[in-house]
Structure formats: structure tokens, C-alpha cells
Amino acid sequence: MNLGRYQLGDTVPITIQTVAANDVPTDPTAVPTIRTYTSAGTLIDTDLKVPRLGVGTTGLFRKNLFLGSTYAAGKYCVRASYTVTNLKCPLFFFEVLPGGNAKGAYRALAYYDKMIGDLIVGETDTGELEIKQRPYL
Amino acid sequence: MRQPYDYGLVELGDAIPVRVQCATSADLPEAPDAAPTFTIYNDANAAMSAYTGTTSSQIDSKTGFYGASVTASGGNGFESGKNYWVKWAWKVSTADRTASGTFTVT
């Protein structure tokens, strides 16, 4: 399955429906895991666990894969693994386009009017705090 | 039933990685007798002989996980706006196995 095109800082939704040999949705013996590879076959993410999507959804799992600093523009392959009677390994593909920011977007911002100037404190998707000040010192 | 892999889009002249997970008809990963080979077909169902070949070695030591890189250049016979099929073939104990994938040149 092809998951489309993204930029750094985006999240790639990797949805896995685990099935038995007859394609009937079936819970696996353990949560699926994924490994991500570059176009050169270099391993990027190792055995990330894929959580269940919702309640009462037999065999439905989703991992929102954040495209942080370990990614760059290029094409990637995701190899998932799960076991329903036997091991199964579906493949997914996506592309990272140039642009975006490996820190993601701001998920919180606060403005402070201080003596030293105007401050904006923000928290990015990666959890980093950034402080922007005007005027600059 | 296994669906064909969708490798996505590639700009004319760029390389696109193609991957395959060798597996049984029940999707159980299996080790082929030798690295799988692949043939690319254009939308007129003609084989592009320049890209018939053997893939790289097994990726990440994962059973049956192989790949190759295809340079979708005009010099190699690729055209913008066309769809292409990748047919994978391998053998397990002399029994033939196949898988397929597709990509589009933009």
C-alpha cells in the first residue's frame, strides 16, 4: 500500500488490519511492529509497536509515525510484522518531499510582555521549548 | 489475497526503490532459493528488458525481504504519465512464486 507524500514534521498514519489466512479480521498474538527503511535499505526505525485503533476493532491497529530528524527527503518502505497463526509482513511505502521542519509545528504558544521585550514561548511537536524574543538582544 | 504493491510516484529521471516480501500464498514470509528477479512492464504490457535482473541482497536479514532501485529515465525507456508494473519471480524448492507492484512516472 502506498501512503502518499509528506514533509518533515508530518505524521504518517500507518494502519494495519491483521487478518487470518482467509482474510477475516483477527487479533494477532501481540501488537504489530514496524521497521522503516530508506530507499538504500538502511534501517531507520526498529520494531516500533503499533497500538490498537479504537475499542472493539478486531485486528485494527494504527501508528502515527512522526517524521522527525531521522528522516530526510526521499522514499521509504515500512515493513510491518504480526502473527496470526503464522507470521505476516505487509509492506507500506511513502515519500518525504523537501520542506517542512523536523520539529513539527507548534502545539502550544504563550505570549509574555516582559521588561526585556516581547517573548513568545512555544512547544513543538517534538516537545522542545523555543523562546522567541523581540527586540533581539 | 495479496494485493499488488503500490510503489507510488517517481519523477522522470529519478530512481524509485522497489521492494518485495517473498511469501507463500498464505502470506507467510519465506526464503527463496535465490534472490528474486524482476521484470518491468509498460502499459502496453511489453517487458522493458533493460530492467530484468536480480535484486540486491536480503534487506536487514529479514526473511524474504528484497529490493532494487529502478532509474526511471527516458533513456531507459520510461515516459512521463505512464504506469509501469513490476513482476517479481522467485522459486522455493523449485516451485515458482510471483508478486507484483506498480508505479507511475510523472
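The values are calculated or read from the model by the stated rules, or taken from the named source; none is laboratory data. All of these numbers come straight from a predicted model, not from anything done at the bench. Cβ sites come from the backbone with ideal geometry, for glycine too, and all protein chains shown count toward neighbours.
Descriptive notes on the structure:
- Condition met for residue A:73 (at pLDDT 95 or above, in contact with a Pro (Cβ under 6 Å, 6 or more places away or on another chain), exposed (fewer than 13 other Cβ atoms within 10 Å of the Cβ) and among the aliphatic types (A, V, I, L, M)): yes
Results for (1) modelled with pLDDT of 95 or more; (2) part of a loop (DSSP other than H, G, I, E, B); (3) in contact with a helix residue (DSSP H, G or I) (Cβ under 9 Å, 6 or more places away or on another chain), shown as yes or no for each residue.
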| position | (1), (2), (3) |
| --- | --- |
| A:5 | yes, no, no |
| A:15 | yes, no, no |
| A:41 | no, yes, yes |
| A:45 | no, no, no |
| A:61 | yes, no, no |
| A:78 | yes, no, no |
| A:92 | yes, no, no |
| A:103 | no, yes, no |
| A:107 | no, no, no |
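- In region B:1-19, the qualifying residues are those that are over 21 Å from residue B:80 (Cα atoms) and at the interface with another protein chain (Cβ under 8 Å from one of its Cβ atoms), and the one that is surrounded by the most Cβ atoms within 10 Å (Cβ to Cβ) is B:19.
- Counted residues, region A:17-39 - those being in a loop (DSSP other than H, G, I, E, B), of a type in the set (Val, Ile, Thr) and touching a residue at least 40 places away in the same chain (Cβ under 8 Å): 4
- For region B:92-104, the set of residues classified as out of contact with any strand residue (DSSP E or B) (no Cβ under 6 Å at 6 or more places or on another chain) and assigned to a strand (DSSP E or B) consists of B:92, B:95, B:96, listed by residue number.
- Candidates in region B:55-103 are the residues that are more than 14 Å from chain A (Cβ to nearest Cβ), charged (D, E, K, R) and in contact (Cβ under 8 Å) with a residue 24 or more places away in the chain; of these, the one that is nearest to residue A:36 (Cα to Cα) is B:87.
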